[in-house]
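The values are calculated or read from the model by the stated rules, or taken from the named source; none is laboratory data. Bear in mind that the values here come from a model prediction, so they are computed numbers and not experimental data. Every residue, glycine among them, receives a Cβ derived from its backbone with ideal geometry; neighbour counts consider all protein chains shown. Please note that ligands, DNA and RNA were not included when accessible areas were found on the heavy atoms of the full protein model with its side chains. Shrake-Rupley method; radii C 1.70, N 1.55, O 1.52, S 1.80 Å.
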Amino acid sequence: MKNQSYFISADFHFCKSGVMIILFFAIIHTLAAQVKDPQGVVSFEKLLVASESFESVNVFDVDNDGVPDIFSGSFWYKGPDFVNRTHVGTLKRFGEYYDDFSTIIADLNSDGNTDVITGGWFEGTLIWKENPGKAGVWKEHVIARCGNIETTRAWDIDGDGVPEIIPNTPGKPLVIYKINKGGQTATFDSIKVLDKHGHGLGYGDINGDGRGDLVVAEGWLECPAQPFTQPWTFHPELSFVQASVPMLVVDVNGDKYADLIVGSAHGYGLNWYEQQMDVKKNRTWVKHDIDPYNAQYHTMAWEDIDNDGKPELVTGKRYRAHDDHDPGAHDPVGLYYFKWNGASFTKQVISYGKPGEGKGTGIFFSIVDLNNDKLKDVVVAGKDGLCVFFNKGFSK
């Protein structure tokens, strides 16, 4: 299938004039080239929760009162209004960065309180923070000293209902950490599946065998029948430079083949890669533009934002991902959802503008119904603050 993108195709070199042209087209297409859904466009109401510059956030019931709370960095914010906050411990800071690049949630010691798994680039340590069930500092436990962590994700590799923990550690081995829960603590088995991998990580069933495979910057790894005792087969069919985490494995066009959606985490571009299979079962990947005009698409999610039963792509810019050193670092900041229309993705703006007006995604964000209105809200952190975008449904 040939992608009929509404974007104008062009090749640019990143000289000053090229960057200005890209920025011009980014603004024009972001503000004016949106294609409206026949039902209307989903609108959002912004709530600034805090001006903290932690880059990761998740939502869960911290205090077990039945109301979802927000957890980000050194604090949790009590729902439903997220005004009162509780300090859980001081995070180390390195320049602009707090060494806290994920907020994975799990009750690791089976005490009924939800804990947090995180880690960072600078100390290279994967840790879990133990929820004490009351006010006070959350005790930290070292899971592994695994090297620089770009960010971490959790996927249930073996289908036992307990997700495995997988940090993206560019230049280091790709290791799966399996949680063994029991008693008042948890232990972790480490399973190395690749000697070295780069910037970018994804998970999903690439080849349709019912098992979830891993996608890395250099290709993809086929999951064996016994994922923790048998070797994973590496397929060097793809190559990405500083790809997003996650890279999404989804069937974009409904042809029963899993495709990939990949953002450029530290440059311009958002693309999907169509999986095609010839009569001899040779697999190829065809690249299609989604948005070549915006930069630093570092993280993303595949969620049903408009309640039509079909997921949308939710993503945006990670503000100051590499301080001032990325292409597009000084462009406007945006948060968007992209809807598949049967031929291409159409772009809808959740937030857009100069820093302080527009809002980005940070490095790890959450999409969840916060107020029980059957609409999924978007909770984003970042160096540009912690915000909730309440989903208000369709507006004509």
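Rank these residues by their accessible area, most exposed first, probe 1.4 Å: Tyr352, Tyr297.
Correct descending sequence by accessible area is Tyr352, Tyr297.
Cβ neighbours within 10 Å, averaged per peptide: list 259-272, 321-334, 185-198, 97-110 in order, most packed at the top.
Ranking, from highest mean packing down: 259-272, 97-110, 321-334, 185-198.
Around Trp272, with a cut-off of 9 angstrom between Cβ atoms, what is the net charge of the other residues, counting Lys and Arg +1 and Asp and Glu -1?
-2
Pull out a ≥ b ≥ c, the square roots of the eigenvalues of the alpha-carbon gyration tensor of region 315-388, then state rounded if a/c is under 1.5, prolate if not and a/b is larger than b/c, and oblate in the remaining case.
oblate
Evaluate the charge dipole of the chain about its Cα centre and quote only its size in Debye, nearest 20, assuming +1 on the Cβ of each Lys and Arg and -1 on the Cβ of each Asp and Glu.
Roughly 660 debye for the chain.
Between Ala225 and Asn307, what FRET efficiency comes out of the Förster formula 1/(1 + (r/R0)^6) with R0 = 41 Å and r the beta carbon distance, rounded to 0.05?
According to the calculation, E is roughly 0.65.
Amide H neighbours of Thr361 under 5 Å, at least 5 residues apart or on other chains, H built in the peptide plane: list them.
Lys317, Arg318, Tyr319
Any of Lys178/Lys376; Lys172/Lys376; Lys129/Lys181 with alpha carbons more than 25 Å apart? Name them for me. Walk me through the numbers on the way to the answer.
On the way: Lys178/Lys376 30 Å; Lys172/Lys376 36 Å; Lys129/Lys181 15 Å.
Correct reply: Lys178/Lys376; Lys172/Lys376.
For region 232-237, just list the computed ³J(HN,Hα) in residue order, Karplus coefficients 6.51, -1.76 and 1.60, θ = phi - 60°, integers in Hz, with x standing in for Gly and Pro.
8, 8, 8, 10, x, 8
Accessible area per residue of the chain at 1.4 Å probe, in Å²?
Heavy-atom SASA per residue in the chain reads 42 Å².
Could you please state how large a percent of the accessible area of the chain is carbon and sulfur, counting protein chains only and using a 1.4 Å probe?
52 percent
Would you mind telling me which residue in Thr346, Thr86, Thr299 has the biggest mean-square fluctuation in a Gaussian network model of the chain, where springs connect alpha carbons within a distance under 10 angstrom?
Judging by the Gaussian network model, the answer is Thr86.
Provide the net charge surrounding Lys78, with neighbours chosen by a C-beta distance below 13 Å and charges set as Lys +1, Arg +1, Asp -1, Glu -1.
Taking every Cβ under 13 Å from that of Lys78, the sum is -4.
Under 21 Å Cα to Cα from Lys281, which lysines show up? Leave out anything in the same chain fewer than 8 places away.
The qualifying lysines are Lys2, Lys256.
Out of all DSSP beta bridges in the chain, what portion is antiparallel? Express it as a percent rounded to 5.
Percent antiparallel among DSSP bridges in the chain is about 95.
Near Lys347, which lysines are there with a Cα under 17 Å away, not counting those fewer than 8 places off in the same chain?
The reachable lysines, counting only those whose Cα sits under 17 Å from Lys347, are Lys36, Lys310, Lys317, Lys339, Lys359, Lys396.
Just the accessible area for Leu386, please: 1.4 Å probe, Å², rounded to the nearest 10?
Accessible surface of Leu386 is approximately 0 Å².
I need the shape label for region 83-231. Rule: rounded when a/c is under 1.5, else prolate if a/b > b/c, else oblate, with a, b, c from the alpha carbon gyration tensor.
Numbers: a/c = 2.21, a/b = 1.43, b/c = 1.55.
In terms of gyration-tensor shape, oblate.
Sorted by accessible area with a 1.4 angstrom probe, largest first, how do Arg283, Arg318, Arg211 fall? Each step should come with its number before you reach the end.
Values: Arg283 55, Arg318 5, Arg211 80 Å².
From most exposed to least exposed: Arg211, Arg283, Arg318.
Using a/c under 1.5 as the rounded threshold, could you call region 274-325 rounded, prolate or oblate? The axes a ≥ b ≥ c are square roots of the C-alpha gyration tensor eigenvalues, and prolate needs a/b larger than b/c, oblate otherwise.
oblate
Within the set of other residues whose C-beta is less than 12 Å from the C-beta of Ser102, count the net charge using Lys and Arg as +1 and Asp and Glu as -1.
Around Ser102, the surrounding residues sum to -2.
Please compute the modelled spin-label separation between Arg211 and Asp369, points set 7 Å along Cα→Cβ, answer in nm with one decimal.
3.6 nm
For region 77-140, just the Cα set please: Rg and Dmax, both in angstrom.
12.7, 36
Given the whole protein assembly as supplied and a 1.4 Å probe, what does the accessible area of Lys281 come to in Å², nearest 10?
Looks like 150 Å² after rounding.
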